[in-house]
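Asker: Take a look at the following structure, please.
The values are calculated or read from the model by the stated rules, or taken from the named source; none is laboratory data. What you see is a predicted model; the values in this text were computed from it and never measured. Positions of Cβ are backbone-derived with ideal geometry, glycine not excepted, and every protein chain shown enters the neighbour counts.
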Amino acid sequence: MTATKMTTKASPAKQQSVAVKGYLFVYNAVQVVGWSYILYQLINYYLLQGQQFRAQVDLWDYTRLAVIVFQNAAFVEILNASFGLVKSNPVITTFQVLSRMMVVIGVVMATPTGKTSPGLPIALLAWAITEIIRYGYYALNILNCMPYIVVFLRYTTFIALYPIGVTGELLCFWWAQSYARTNTVWSAQLPNKWNATFSYFALLWIVMLLYIPLFPQMYLHMFAQRKKILGGRGSSKTQEIKKAK
């Protein structure tokens with residue numbers, strides 16, 4: 001009788017755990033597929049297609065739908081971290097996700113110069129490789145099937161990809177601010193019915209300047225995680241990987 005009660009009480013928690021894991025696996029798997037498709041688009045655009053194709057189709061027009069869908073879907077990660085569904089730091093996650101959403105929505109989609117910035121292909125390439133590895137790592141983690149090569153890539157490729165991605169993002173901001181400086185796009189000037197003023201040009205510079213204190217924190221956090229996960233040897237390394245799950 002006691003055993004029956006214990007089983008009854010434990011079942012909901014177990015079912016909830018399975019449901020959460022199922023949801024997280026599907027989300028991460030879909031993101032792997034999405035970013036793999038974006039990486040394919042980049043390869044196809046620059047390596048498989050000819051100059052005539054690139055002269056007729058801009059990179060942004062070619063990748064727009066996939067980037068908007070899968071990058072903006074990353075907003076879910078802020079909710080996952082905030083509600084404790086994953087162990088990610090909510091502050092770092094929020095900065096990482098919102099900075100990219102700002103690039104996509106507030107820069108590339110908002111200005112004609114953002115779409116033609118040389119930073120766009122740089123950012124997309126770094127994002128795509130990073131996210132394929134990262135989401136793949138999370139998905140395999142949920143399945144308790146983690147090849148060491150995936151762990152190594154997850155905590156090593158960021159060393160080059162994060163600075164490359166940030167460089168691309170900042171170049172997009174720079175191209176956008178040059179347009180905003182001479183145009184009043186997305187700005188509000190007095191007098192108006194809201195009795196308030198807003199400068200899109202100033203916003204772009206504020207976000208760019210925020211990279212100075214925030215990016216090093218994110219970057220050093222990843223180095224700390226790398227040391228924690230890859231710093232051990234033998235069985236201790238395996239234990240660290242399991243703890244990180």
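Asker: Mind checking which residues of region 68-108 are farther than 18 Å from GLY34 by Cβ, hydrophobic (A, V, I, L, M, F, W, C) and touching a residue at least 24 places away in the same chain (Cβ under 8 Å)?
Answerer: LEU85, VAL86, ILE92, PHE95, MET102, VAL107
Asker: Okay, next question. Please tell me if TRP175 is surrounded by 14 or more Cβ atoms within 10 Å (Cβ to Cβ), among the aromatic types (Phe, Trp, Tyr) and assigned to a loop (DSSP other than H, G, I, E, B).
Answerer: When the stated conditions are applied, TRP175 does not pass them.
Asker: Follow-up question, since we're still on this one. Would you tally the residues in region 87-126 being among the charged types (D, E, K, R) and more than 15 Å from LEU170 (Cβ to Cβ)?
Answerer: 2
Asker: Among the residues of region 119-126, are any modelled with pLDDT of 95 or more and touching an Asp or Glu at 6+ places or on another chain (Cβ under 7 Å)?
Answerer: Yes, some residue in region 119-126 is modelled with pLDDT of 95 or more and touching an Asp or Glu at 6+ places or on another chain (Cβ under 7 Å).
Asker: Which condition number in (1) under 30 Å from SER187 (Cβ atoms); (2) modelled with pLDDT under 95 is the one that CYS145 fails?
Answerer: Condition not satisfied by CYS145: (1).
Asker: Given (1) aliphatic (A, V, I, L, M); (2) within 29 Å of ASN28 (Cβ to Cβ); (3) crowded, with 16+ Cβ neighbours inside 10 Å, where does ALA180 come up short, assuming only one miss?
Answerer: Of (1) aliphatic (A, V, I, L, M); (2) within 29 Å of ASN28 (Cβ to Cβ); (3) crowded, with 16+ Cβ neighbours inside 10 Å, only one is false for ALA180: (2).
Asker: Looking only at helices (runs of 4 or more DSSP H) that fall completely inside region 1-112, which ones have 2 or more residues that are of a type outside the set (A, V, I, L, M, F, W, C), at pLDDT 95 or above and crowded, with 16+ Cβ neighbours inside 10 Å?
Answerer: Hits in region 1-112: 2-43, 59-72.
Asker: Here is a further query. Based on what the data block shows, is ILE206 outside any loop (DSSP other than H, G, I, E, B), among the aliphatic types (A, V, I, L, M) and at pLDDT 90 or above?
Answerer: It is true that ILE206 is outside any loop (DSSP other than H, G, I, E, B), among the aliphatic types (A, V, I, L, M) and at pLDDT 90 or above.
Asker: In addition: Name the residues in region 120-160 that are in a loop (DSSP other than H, G, I, E, B) and more than 16 Å from SER88 (Cα to Cα), would you?
Answerer: Result: LEU143, ASN144, CYS145, MET146, PRO147, THR156, THR157.
Asker: Quick one: which residue in SER36, SER82 is over 22 Å from GLU169 (Cα atoms) and either small (Gly, Ala, Ser) or touching a Leu at 6+ places or on another chain (Cβ under 9 Å) (or both)?
Answerer: Testing whether each residue is over 22 Å from GLU169 (Cα atoms) and either small (Gly, Ala, Ser) or touching a Leu at 6+ places or on another chain (Cβ under 9 Å) (or both) leaves just SER82.
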